[in-house]
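Step one of this worksheet: look at the structure below.
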Amino acid sequence: MLQFYKKMLALLLGLLLFSALVSVWCIRNTFSSRVLLPAADSEFAWHLSPETDQYQGGRSGVQVHDDRYSLDYSFSLSDVAEYPYAGVLLNFVDAAGEATLLDLTGYHTLSFNVKCAPANVLAFAAHTFEEGITREGDMLSYRSPATYFSCDQHWSSVELDLTRLETPQWWLDKFELKLSMLDYQLNRVPRLVFGSTHQSPMVDSARVQINALELRGRDWRYLYLLAGILGLVWLLAIIWLFRAHTRALTEALKLKLQKDRPLVAYQQLSVEPRQDRDKEAILRYLATEYPNSELNLDGIASATGVGRGKINSILKAELGYTFTGYLNKVRLTEAARLLSDGADPSIAEIAYSVGYKNVSYFNKLFKDEYGCTPKAFRGIYKGERGDS
């Protein structure tokens with residue numbers, strides 16, 4: 001059994017290490033993030049460009065102060081246009097610097113820090129490609145679901161839900177779409193937009209600073225995968241441990257039974273020649289009379305003519321047992337033989353046949369001796385014969 005416990009410990013340590021590594025990998029992929037700012041740390045290439053109401057004849061303007069470490073820009077709004085507007089576009093590009101569409105379906109939130117002077121209400125939008133409507137080069141043909149956030153002279157953290165943006169009504173009206181057609185896809189996104197709203201102050205210069213811009217995603221499939229992998233691996237490990245334990249226990253019981261065989265009555269008692277005839281008389285009497293449930297120290301003393309005290313002394317010196325311990329050893333060894341020989345008497349019948357009147361007491365002694373109940377012991381040997 002010692003070898004089994006060593007293997008079990010090694011397996012458990014290996015499983016714990018494997019589970020930890022797989023868990024870390026799956027959790028990292030479940031909760032992913034991609035930095036957009038600072039630009040040097042971004043995995044997505046992009047360039048910044050201003051956007052104003054000049055296409056409506058407006059005179060609003062944008063001045064960019066920094067687009068490497070933060071989005072730092074100032075804008076001014078003019079009431080010349082019907083809908084004054086100023087903002088900046090993060091245009092995604094490929095390795096060659098050409099405009100490209102990014103798949104952002106794996107990301108659910110956009111987080112950043114922001115401050116404005118003066119206090120402001122700004123809009124965020126993600127332009128998305130709309131099949132059958134979007135035309136290359138026509139920015140207005142991209143659906144632009146948006147949301148809003150507030151900022152003031154103090155830095156604050158903002159987290160926007162990319163799955164709950166709202167498509168502007170004017171866009172739906174422009175392309176004669178129903179107001180209920182609000183669904184959008186983030187699988188082809190050319191740019192992200194930060195811009196003014198109708199609640200932005202009409203001042204000569206409003207400054208906006210945004211940093212720590214980051215896309216964050218969650219993909220629950222990795223957690224389902226983790227549960228499946230760990231469930232399967234641990235189930236297989238438990239099955240292996242159960243079978244290995246059964247084999248190890250069977251071998252251990254076999255060795256113990258072979259070791260104890262000289263004690264039982266179905267073999268001829270082997271006593272080395274010795275001068276002390278009392279020893280031989282005591283051992284031979286116990287080997288034949290152990291089924292007697294009334295057997296006690298007084299009875300063996302009367303039958304062999306050896307005093308009670310000397311009986312215990314002889315057994316202790318010869319085998320290392322007291323009278324009761326040696327008697328139980330003989331009875332339990334015979335019970336183990338009966339359980340393993342293929343016959344099918346009941347547990348109670350076996351208990352009575354080896355000298356126990358109380359089946360519960362027999363079960364307790366047997367479990368203490370062999371590490372399992374008589375029923376489990378029989379099952380182990382039956383399973384082994386079935387396998388063979």
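Before moving on, here are some points about what is shown:
For (1) farther than 30 Å from residue 19 by Cα; (2) assigned to a loop (DSSP other than H, G, I, E, B); (3) touching a Phe, Trp or Tyr at 6+ places or on another chain (Cβ under 8 Å), each residue gets a yes or a no:
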| site | (1), (2), (3) |
| --- | --- |
| 184 | yes, yes, no |
| 201 | yes, yes, no |
| 207 | yes, no, yes |
| 217 | no, no, yes |
| 224 | no, no, no |
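Residue-wise test of (1) at pLDDT below 95; (2) more than 44 Å from the chain's Cα centre (by Cα); (3) farther than 21 Å from residue 90 by Cβ; (4) not aromatic (Phe, Trp, Tyr).
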{"residue": "130", "(1), (2), (3), (4)": "yes, no, no, yes"}
{"residue": "138", "(1), (2), (3), (4)": "yes, yes, no, yes"}
{"residue": "143", "(1), (2), (3), (4)": "no, no, no, yes"}
{"residue": "148", "(1), (2), (3), (4)": "no, no, no, no"}
{"residue": "168", "(1), (2), (3), (4)": "yes, no, no, yes"}
{"residue": "175", "(1), (2), (3), (4)": "yes, yes, yes, no"}
{"residue": "190", "(1), (2), (3), (4)": "no, no, no, yes"}
{"residue": "196", "(1), (2), (3), (4)": "no, yes, no, yes"}
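- Just one of the listed residues (63, 153) is surrounded by fewer than 15 Cβ atoms within 10 Å (Cβ to Cβ), touching a strand residue (DSSP E or B) at 6+ places or on another chain (Cβ under 6 Å) and assigned to a strand (DSSP E or B), namely 63.
- For segment 103-116, residues that are among the hydrophobic types (A, V, I, L, M, F, W, C) and either within 32 Å of the chain's Cα centre (by Cα) or outside the structural domain of residue 143 (by TED's automatic domain parsing) (or both) total 3.
- For first residues located in segment 42-66 and free of Cβ contacts under 8 Å to residues at least 40 places away in the same chain, partners that are surrounded by fewer than 15 Cβ atoms within 10 Å (Cβ to Cβ) and lie 6+ apart or on another chain with Cβ distances below 6 Å form the pairs 58/80; 59/80.
- Filtered residues of segment 343-373 (kept if closer than 20 Å to residue 252 by Cβ and surrounded by fewer than 22 Cβ atoms within 10 Å (Cβ to Cβ)): 363, 364, 365, 367, 368, 369, 371, 372, 373
- Checking each residue in segment 201-233 for being surrounded by fewer than 13 Cβ atoms within 10 Å (Cβ to Cβ) and within 29 Å of residue 11 (Cβ to Cβ) picks out 221, 224, 227, 228, 231, 232.
- Any chance residue 160 is surrounded by 17 or more Cβ atoms within 10 Å (Cβ to Cβ), touching a residue at least 12 places away in the same chain (Cβ under 8 Å) and either in the same structural domain as residue 122 (by TED's automatic domain parsing) or in a loop (DSSP other than H, G, I, E, B) (or both): yes
- Residue pairs whose Cβ atoms lie under 7 Å apart, sitting 6 or more positions apart in sequence or on different chains, and linking a residue in segment 296-321 that is in contact (Cβ under 8 Å) with a residue 60 or more places away in the chain and in a helix (DSSP H, G or I) to a partner that is among the aliphatic types (A, V, I, L, M) and surrounded by fewer than 17 Cβ atoms within 10 Å (Cβ to Cβ), do not occur here.
- Residue within segment 98-110 that is surrounded by fewer than 15 Cβ atoms within 10 Å (Cβ to Cβ), touching a Leu at 6+ places or on another chain (Cβ under 8 Å), touching a residue at least 40 places away in the same chain (Cβ under 8 Å) and under 30 Å from residue 29 (Cβ atoms) present: yes
- Taken as a whole, the structure leaves residue 49 outside the set of residues that are among the hydroxyl-bearing types (Ser, Thr, Tyr), under 30 Å from residue 222 (Cα atoms) and in a strand (DSSP E or B).
- For the residues 24, 35, the requirement of being more than 30 Å from residue 81 (Cα to Cα) and either touching an Asp or Glu at 6+ places or on another chain (Cβ under 7 Å) or surrounded by 12 or more Cβ atoms within 10 Å (Cβ to Cβ) (or both) singles out 35.
- Of all the residues in segment 112-132, those that are in a strand (DSSP E or B) and either touching a Ser or Thr at 6+ places or on another chain (Cβ under 7 Å) or under 15 Å from residue 155 (Cβ atoms) (or both) number 13.
- Residue match in segment 83-90 (condition: of a type in the set (A, V, I, L, M, F, W, C) and either part of a loop (DSSP other than H, G, I, E, B) or more than 23 Å from residue 168 (Cβ to Cβ) (or both)): no
- Taking the criterion of being of a type in the set (D, E, K, R) and closer than 17 Å to residue 210 by Cα, the only residue of segment 92-131 that qualifies is 115.
The values are calculated or read from the model by the stated rules, or taken from the named source; none is laboratory data. Since we're looking at a predicted model, the values are computed, not measured. Here Cβ is always computed from backbone atoms with ideal geometry, including for glycine, and neighbour counts include all displayed protein chains.
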